[in-house]
1. Quick check: net charge around D116, other residues with Cβ under 15 Å of its Cβ, Lys/Arg +1 and Asp/Glu -1?
2. Hey, rough spin-label estimate for I4 and K65, points 7 angstrom out along Cα→Cβ, what's it come to in nanometres?
3. Please give the net charge around V56, taking every other residue with its beta carbon less than 10 angstrom from that of V56, where Lys and Arg add +1 and Asp and Glu add -1.
4. Which net charge results for the neighbourhood of A81, defined as the other residues with beta-carbon distances under 15 angstrom from its beta-carbon, given Lys and Arg at +1 and Asp and Glu at -1?
Amino acid sequence: MKTILSAVLAAVVVISTGCVKTVSDSNAFATTWGKDTVAGRYQRSLDQVYQASLAVIQLNGVLIKEYIPHDNTNAVRALEAKVNQRNVYISVESVDPKTTQVSVQARTKWGTRDLDLVHELEKQVALQLVR
């Protein structure tokens, strides 16, 4: 009986975990679903918002990867970083020539979302643009 219960519990754990698509167009381990991304739009060029996002990452953590996703045009750039032991994904996308959107997503090593960190980083990008 205990082995059946253990097997059922193990199956539930395996089924409830999985992968989610990140804003930087990669996959990440996830144990929770729901809103895990915050986006902001700014009346700035793609380069200005990207440089502000890069500065925020360098102030708060370690940059792991920066790239232009191959399946998109040059109007999208992405960053992956570690901030407070969280995996942070940032996507900077040109909406039109005058407007740029930045999307921030963060996950812990256990796959849970960290909306407080996401809001803080997105807010810091906005403040960096004002400087």
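The numbers here are math on the coordinates, done by the rules we state, and not lab data. Predicted model only: the values in this text are computed from it and were never measured. Heads up, the Cβs are rebuilt from the backbone with ideal geometry, glycines too, and the neighbour counts pull from every protein chain shown.
1. Values: positive: K35, R86, R107, R113, K123; negative: D36, D114, E120, E122.
Here the count lands on +1.
2. Output for this residue pair reads 4.5 nm.
3. Details: positive: K123; negative: E120, E122.
With Lys, Arg at +1 and Asp, Glu at -1, the neighbours total -1.
4. Values: positive: K65, R77, K82, R86, R107, K109; negative: E66, E80, D114, E120, E122.
Residues near A81 contribute +1 overall.
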